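Undergrad: Once you've had a glance at the structure underneath, I'll fire off some questions.
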Amino acid sequence: MAGLVFKGVTKKYDQNEVVHDFNLEIKDKEFMVFVGPSGCGKTTTLRMIAGLEEITSGELFIGERLVNDVPPKNRDIAMVFQSYALYPHMTVYGNMAFGLKLRKTPKAEIDRRVREAARILDIEHLLDRKPKALSGGQRQRVALGRAIVREPQVFLMDEPLSNLDAKLRVQMRAEISKLRHRLQTTVVYVTHDQTEAMTMGDRIVVMKDGFIQQVDSPMNLYNHPKNIFVAGFIGSPSMNFLKVNVTLEDGIPYLNHAEFHLPVGEAHRQTLAPLSGKEVMLGIRPEFINDDAAFMAAHPDWTLEAKVEVVEPMGAENYVYLSVADENVVARFEAASQAKSLQNHRLAFDMNAIHYFDIETQAALL
Amino acid sequence: MQRAFLEHWDETAFTAHTRALDLPNLSPGARVLVRCQTWQPDISLILRNFLPQTQVFWVNGQEIFLHATPEDGVGATRKNLLPWAESLISQIHSMLADELGVLSYVYVDTPRTQGLWSGYLSLGRLAALHRRFFPGEAGLALWQAGFAQLFDSLAPERMEHYPQNVLGDKLSPELRETLQTYFRTGLSLTESARLLYIHRNTLIYRLDRITELTGYNPREFKQAITLFLALWLQGT
């Protein structure tokens, strides 16, 4: 097993730099998720680890070894792709054993590894079947098995669940998390799905346009995003953003918007007071918009009125789409909420749960 | 599978090999060209196992040319062959990367192509289009090349003028990303909003803003085509 270290790694295609000054340390046995929108450079970075793309500049270490010039087959890594390409005329056993045969592994050793991987993945009863007789989830497990038998130092997974339907994806997500604990190995996992990232990763690298935006644990990313992009990317429904002006009244900073005039929460007053007269970006997560009568009674100065556009009942709660002076805001209200489409509705922002961002730099102010 | 290694990849040598191999009538399938970053004999071993029914197989340097026939059950109709052939691109690409760590690009021709030599030439052209217009993709099927074939025949300066006239520098990176996502999802508002992590109304606002700035409405089919081509050409 081994960790990975990126030191100032960049990747250029001709003059176009797609990964910029990438610095990161992935610890041994860590489950690291790269997440970001399409084109953010996450797959390119994964392919640089695999050796499928050359590193333009910088250094990449796997364990203690500098691997910039080490060919892919000697890097001791295994990849799992979105398309679980299996040999159609080989059995599951044959599919899992094939890579080891290519590497001239002794027969007895191949047998031991294949059976052990099959046991871990719970596919022992499928070893004699051919891919045609397997479901999508079972095929993906065979693809995982092919990687496991190699006993690599690092597993690289490139959106391995994207081809599965929603239900199976949730199931396999849990399977991979369990598997990772059993295998006790380093995993680098690429996805564009923030739910996968949040539920599976020890730490997450959020990327955009080839730059690392933030590296942190899932909860830290959620609670302390470093900029507007991370704040909007992590969390579903995503954080609401509204531009507000800060004013100072009797020493207390207030947030002013066409539809509201709200006092800054106590914990944030010291930071916001010097910004009086400036415009900042307010960020509030849907769960911190409240229409509970007791909450509003306790904080009457945190309330405002908004027009309800659409109510989406989710069962245990409702997603309510509101318009606040022509800006869109999403709230998560309890299922018992009285919010009705096309009516005005009274609600409150939890002022102690607000995030503030600099409009120009987009960086968090707190 | 029959196999030949050709040193001189020209029609004469090709035809001579075709005769020498005494090819049976080719069953319906697709011509496939796999271009690898490096050649090693295990590549052919993997392809032979992955495409066990494949009839023809030639290797020339780092190029492997084959006539791939679909698995049982896929059927030989054009409708069935297209998704099968498209999935070949990602499957062969990931198979070679996974088993051998070899980076490859895969090109697939239509089953209509007459003759193996013309199939090979058509895939060669596809490889050139790929390098020019789709450098980030794992490969290309002929029917995915679309407008690229048309634009390939135009003078480079005309290709530069077109996006400049339509888009200029009017769009911010955010609006550009919005438009790209909107086109990638086949003009789906819901799916685009989901991928961009924004509210549907925010997306509509941004699309309206694009209309204001460029004079082309991405929600109108004909105007969307104009914007799509300009955006795509600007990115190539």
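Undergrad: Using a 1.4 Å probe on the protein heavy atoms, what percent of the accessible area of the protein assembly as shown belongs to carbon and sulfur?
TA: Working: 13490 of 27530 Å².
Carbon-and-sulfur percentage of accessible area, whole number: 49.
Undergrad: Further question on the same structure: Kindly provide log₁₀ I(q)/I(0) values, in the same order as q = 0.11, 0.13, 0.14 Å⁻¹, from the Debye equation applied to equal alpha-carbon scatterers of chain A.
TA: -0.86, -1.03, -1.11
Undergrad: Say a paramagnetic label sat at a point 7 Å from the Cα of A:ARG103, along Cα to Cβ; which residues of the range B:82-99 have their backbone N under 11 Å from it?
TA: B:99
Undergrad: Could you go through the range A:91-97 in sequence order and give the Karplus-derived ³J(HN,Hα) for each residue, using 6.51 cos²θ - 1.76 cosθ + 1.60 with θ = phi - 60°, rounded to whole Hz, and x for Gly and Pro?
TA: 6, 4, 4, x, 4, 6, 7
Undergrad: Across chain A, where is the longest run that never hits GluC sites (Glu not before Pro) in a DSSP loop with at most 10 other C-beta atoms within 10 Å?
TA: Details: sites that count: A:GLU64, A:GLU360.
That gives A:65-359 as the longest site-free run.
Undergrad: Between A:LEU366 and B:ALA16, what is the label-point separation in nm under the 7 Å Cα-to-beta-carbon projection?
TA: 7.8 nm
Undergrad: Using alpha carbons only, how many degrees (0 to 90, rounded to 10) separate the axis of helix A:136-148 from the longest principal axis of chain A?
TA: Between the helix axis and the principal axis of chain A, the angle is about 60 degrees.
Undergrad: At A:TYR319 and A:HIS181, where each label point lies 7 Å from the Cα along Cα→Cβ, what is the point-to-point distance in nanometres?
TA: 3.0 nm
Undergrad: Sticking with this one: With every protein chain present, what accessible area does A:LYS307 have (1.4 Å probe, heavy atoms only), rounded to the nearest 10 Å²?
TA: Here the residue's solvent-accessible area equals roughly 80 Å².
Undergrad: Efficiency by 1/(1 + (r/R0)^6): what FRET value for A:ASN352 and B:TYR205, r their Cβ-Cβ distance, R0 = 45 Å, to the nearest 0.05? Provide the component values of the computation, followed by the final result.
TA: Working: r = 30 Å, r/R0 = 0.67.
Computed FRET efficiency for A:ASN352 and B:TYR205: 0.90.
Undergrad: Related question: Only counting protein heavy atoms at a 1.4 Å probe, give the residues of the range B:30-62, ordered by number, whose accessible area falls by 50 Å² or more when the other protein chains are present relative to the chain alone.
TA: Correct list: B:ASN49.
Undergrad: log10 I(q)/I(0), Debye, Cα-only the range A:279-366, no solvent, q = 0.12, 0.16, 0.20, 0.22 Å⁻¹?
TA: Values returned for q = 0.12, 0.16, 0.20, 0.22 Å⁻¹ are -0.37, -0.65, -0.94, -1.08.
Undergrad: At a cut-off of 40 Å², which residues of the range A:63-86 become less accessible once all protein chains are present than in their chain alone, using a 1.4 Å probe?
TA: A:PHE81, A:SER83, A:ALA85
Undergrad: Please give the helix B:200-214 orientation as an angle from the longest Cα principal axis of chain B, in degrees from 0 to 90, rounded to the nearest 10.
TA: With both axes taken from Cα atoms, the answer is about 80 degrees.
Undergrad: Still on this structure, I have one more. Leaving out ligands and nucleic acids, and using a 1.4 Å probe, what accessible area per residue does the protein assembly as shown come to in Å²?
TA: Working: 27530 Å² over 602 residues.
That works out to 46 Å² per residue.
Undergrad: At the nearest 100 Å², what buried accessible area, both sides summed, do you get for A and B when the probe is 1.4 Å?
TA: On the way: alone 17540 and 12670 Å², together 27530 Å².
Its buried surface, counting both partners, is about 2700 Å².
Undergrad: Rounded to the nearest 0.05, what FRET efficiency do A:TYR13 and B:GLU160 have when you use their Cβ-Cβ distance and R0 = 25 Å?
TA: E between A:TYR13 and B:GLU160, to the nearest 0.05, is 0.80.
Undergrad: Moving to a separate point now. If you take the beta carbon distance between A:ASP28 and A:ARG112 as r and set R0 to 30 Å, what does 1/(1 + (r/R0)^6) give as a FRET efficiency, to the nearest 0.05? Could the numbers behind the result be given before it?
TA: Numbers: r = 25 Å, r/R0 = 0.82.
So, using R0 = 30 Å, E works out to roughly 0.75.
Undergrad: Mind checking the angle between helix A:107-121 and chain A's longest principal axis? C-alpha axes, 0 to 90 degrees, to the nearest 10.
TA: Approximately 30 degrees, to the nearest 10.
Undergrad: Can I ask one more? Just check the range A:190-337 against the gyration tensor rule for me: Cα atoms, a ≥ b ≥ c as the square roots of the eigenvalues, rounded for a/c under 1.5, and otherwise prolate or oblate depending on whether a/b exceeds b/c.
TA: Details: a/c = 2.00, a/b = 1.23, b/c = 1.62.
Taking the square roots of the gyration eigenvalues as a ≥ b ≥ c, the range A:190-337 is oblate.
Undergrad: Around A:ARG146, under 9 Å between beta carbons, what's the net of Lys plus Arg minus Asp minus Glu among the other residues?
TA: Numbers: positive: A:ARG150; negative: B:ASP98, B:GLU99.
So the environment of A:ARG146 carries a net charge of -1.
Undergrad: Take B:LEU45 and A:PHE295, extend 7 Å from each Cα along the Cα→Cβ direction, and tell me the distance between the two endpoints in nm.
TA: 6.3 nm
The values are calculated or read from the model by the stated rules, or taken from the named source; none is laboratory data. These numbers were taken from a predicted model, which means no experiment stands behind them. Using ideal geometry, Cβ is built from the backbone for each residue, glycine included, and neighbour counts are taken over all protein chains shown. We work out accessible area using only protein heavy atoms, side chains counted, and drop any ligands, DNA or RNA first. Shrake-Rupley method; radii C 1.70, N 1.55, O 1.52, S 1.80 Å.
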